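Derivation of every value follows stated rules applied to the coordinates shown; laboratory data play no part. Everything quoted here is computed from the prediction, not taken from an experiment. All Cβ positions, glycine included, derive from the backbone under ideal geometry; neighbour counts span all protein chains shown.
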Amino acid sequence: MRKVFFVLLFFLSVFLLLPQKIFADSNFTTDYNVTYTIDSSAKTHVNIDATLTNLTDNYYASSYSIQLGFTDLKDIVASDSQGTITPKITEDSNGSTINVTFNQRSVGLNNKLYFNVAFDTDEIAQNLNNTWDVNIPGIENQQDFSVFNSTVIYPSALGSPTYIKPTLLNQTVLANGNKLSFTKKDLGSSGISIAFGSFQVYDFNLIYHLENKNLFPVSTEIALPPSTNYQEIAINNISLKPNNVKLDKDGNWLAQYILPPSKKYDIDVTGKAKVYLNPKAESLDNKSIQEYLKPQTYWESDNQKLISLAKDLKTPYAIYQYVVKTLSYDFSRIQSNSPRLGALQALNNPSSAVCLEFTDLFVALSRAAGIPAREIDGFAYTNNARNRPLSFTEDVLHAWPEYYDFDKKTWIMVDPTWGNTTNGIDYFNALDFDHIAFVVKGENSNYPVPAGGYKFSETEKSKDVNVSIGKSFDTNNQKISVSIQIPNNILSGLPFEGVIKILNLGSIFVPKQKIEMTTNYISPKIQSLNSIEIPPFGYIYVPFSFNKVSFLTNKTDTIKITLGNVTVYKNIRLVPFFVNKTFVLGGLLFVSFGIILSFTAYILRRLSLSK
């Protein structure tokens, strides 16, 4: 029988930064058993046991290539049933390729060729202090494999995973750690993502460049990273102290400034972020619901094409899946500074999208389907820029959407961009610890601007966003100053008002609180007031009022304010008008002025008559 020489090039994309298709000749079936053993230093030993089964008498495989999307390969070994194979390693812009030439030839129908490739890498598992991440991108066209099994073994000291993607029902405990086994059916086209820990802490240093070219002062503001239902933020220092820091309707922290004429400022902000996997509950009133359904620039939810599509999709998950499968990530746009397309243009040109288009299309379709949705701009921690890319602004930020879940009564963040670029890892049912929100855009698709976007010509290429893994987060660093602003002397017989000034002197968010106000004489003697949230470096005024007392009252009373563990007092004097020096003096002046006016009018009238 004539034997035909055949070189089989098979590209395994288990670890591809950019997932690619698997190419296998129909004359062979392929079985894979891949084991990832992670040690306590986060180094991963990868072992690939493979079997090629010949389906014909006419061909045989003489070599095999494994293309990997990274270059961190250590201690590479390979062998087949005849002995050791010396692998050849080549590198290009897409990563590394391992090529093995077999010692034996698998000739004949149903003959099998067994071989093994193993190596170590630091690019699968990461020890991030408070959490561990394990990320193994998916494989396209898994139907080309007759068997594909993946096993992940991790140190038992890590405890139980916080999440496993895809979800597994069975978990076998080994003596030296935990073992998670995934079959071809389990994986589908999805990769594997596993996390350990309950929260992640990041340190950040952000620089905002402000410039006033005018000849008069101008008001401006910068957006600080805010606390949300997924994260807590501590602002430790702002190099140029703002006049105030206020909340907008989306919960953004806007630091307000008055810039003098012809001035430039580089404002340095340092702080910490504590990121959680599961969101806190957050109620949404009817007015806000309607606001998050409106069409906006880039979110053309009133477009008939989008409305028709939304009616078919209906649910957030269906919309997520549609966006993930419809759009294609265009890596060439990362450096080209291409304009934002918006939802409709992205739908009409699905082959050239970045994270903004994935986000815009999800938000627009959700709003068209009656689901409140908005955009998050921020930073996503990744060590794999092709598998989990970041794509806008010079500081390479990220955008992702969130929708409001009426059953859970909270906002839910999802990431269709990474759902696409990881070839199917689930970023809908659970996100990760890697996303840090810098701004929330719901009422306006263009504003506020996130950190990294405050530049002028000289700073266009500057790196203004620096985020690193942190260790600790002090959730008790809450400090406020409370003062009562009301005149010391109050005129009896009239109602009067004042305000309570609450200044946030700490580094973390001050939540809504009850303010208890009591007096001994003035009514109401007991009042319960509500404060609103106060960002770091911010303050608010809470108004109050009292009923009038008898106009003959002449006594001193004390206003007592209690807010949390802070109590302040203010003594005020209630005085009748006839002992109030200011009132008496004012009255005398008024009477005197009236007499003078009357006398002047009388003289002028007499002079007029004498003429």
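Inter-label distance, Tyr317 to Ser146: 3.4 nm, where each label sits 7 Å from its Cα along the C-beta direction. When we measure straight from the Cα of Lys43, which aspartates and glutamates land under 19 angstrom away, once same-chain ones fewer than 8 places off are left out? Candidates past the 8-residue exclusion: Asp72, Asp75, Asp120, Asp122, Glu123, Asp133. Cross-link partners for Lys213 among the lysines, with Cα-Cα distance under 17 Å and sequence neighbours closer than 8 places in the same chain left out: Lys263, Lys264, Lys455.
Taking packing as the residue-averaged number of other Cβ atoms within 10 angstrom, the listed peptides 535-542, 95-102, 433-440, 301-308 run from highest to lowest as 433-440, 535-542, 95-102, 301-308.
Percent of Cα pairs in the range 199-276 per distance bin of 5 Å, from zero to the largest separation: 3, 14, 24, 22, 17, 10, 5, 3, 1, 0. Counting lysine pairs in the range 286-452 that sit 8 or more residues apart in sequence, or on different chains, and whose Cα atoms lie under 24 Å apart gives 23. In a reduced charge model with +1 at each Lys and Arg Cβ and -1 at each Asp and Glu Cβ, the range 394-518 shows a dipole moment near 540 debye about its Cα centre.
Run the paramagnetic zone check for Asp474: 7 angstrom along Cα to Cβ, then residues of the range 207-238 with backbone nitrogen under 14 Å. Correct set: 234-237. Packing, as the average of other Cβ atoms within 10 Å across residues, places the peptides 245-258, 154-167 in the order 245-258, 154-167, highest first.
Listed here are the pairs Lys249/Lys570; Lys249/Lys525; Lys246/Lys501; which of them are more than 22 Å apart at the Cα? From Lys249/Lys570; Lys249/Lys525; Lys246/Lys501, over 22 Å: Lys249/Lys570; Lys249/Lys525. Partner lysines whose Cα lies under 17 Å from the Cα of Lys112, excluding those fewer than 8 positions away in the same chain, are identified as Lys3. When the Cα positions of Ile222, Gly251, Tyr265 are compared along the charge dipole of the range 199-276, Tyr265 comes out farthest toward the positive end, with charges on each C-beta of Lys, Arg, Asp and Glu. Amide H contacts under 5 Å for Ser81: Tyr114, restricted to partners 5 or more places along the chain or on a different chain, H placed in the peptide plane at 1.01 Å from N.
A full extension of the chain between Thr558 and Phe216 corresponds to an added length of 118.6 nm, given 0.36 nm per residue minus the alpha carbon distance. Across the range 480-491, computed HN-Hα scalar couplings (Karplus, 6.51 cos²θ - 1.76 cosθ + 1.60, θ = phi - 60°) run 10, 10, 10, 9, 9, 10, 7, x, 5, 10, 10, 6 Hz from first to last residue, x flagging Gly and Pro. Relative to one another, the C-alpha centroids of the range 490-523 and the range 267-339 are positioned 40 Å apart.
Backbone geometry of the range 353-361 corresponds, through the Karplus equation with coefficients 6.51, -1.76 and 1.60 at θ = phi - 60°, to 3J(HN,Hα) couplings of 10, 10, 4, 5, 6, 4, 5, 4, 5 Hz, x marking Gly and Pro. Can you compute the FRET efficiency between Asn205 and Ser457 using 1/(1 + (r/R0)^6), with r the Cβ-Cβ distance and R0 = 35 Å? Round to the nearest 0.05. So the FRET efficiency works out to roughly 0.95.
Based on C-alpha pairs under 8 angstrom that are at least 6 apart in sequence, the range 399-441 has a relative contact order of 27 percent. The slack in the chain from Asp285 to Ser262, taken as 0.36 nm per residue of separation less the alpha-carbon distance, amounts to 3.9 nm.
When only the Cβ of Lys, Arg, Asp and Glu is charged (+1, +1, -1, -1), the dipole of the range 286-452 relative to its Cα centre reaches about 340 debye. Computed from backbone phi, the HN-Hα couplings of the range 181-188 come to 10, 10, 9, 4, 5, 4, 7, x Hz, rounded to whole numbers (Karplus: 6.51 cos²θ - 1.76 cosθ + 1.60, θ = phi - 60°; Gly and Pro given as x). Any idea which of Asn504, Pro543, Asn488 is furthest toward the positive side of the dipole for the range 480-577, if Lys and Arg beta-carbons carry +1 and Asp and Glu beta-carbons -1? Going by the Cα projections, it comes out as Asn488.
Here Lys185 and Lys305 are evaluated by their C-beta separation; at R0 = 35 Å the FRET efficiency comes out at 0.45.
A simple spin-label model places the labels of Asn565 and Asn236 2.2 nm from each other, with each point 7 Å out along Cα-to-Cβ.
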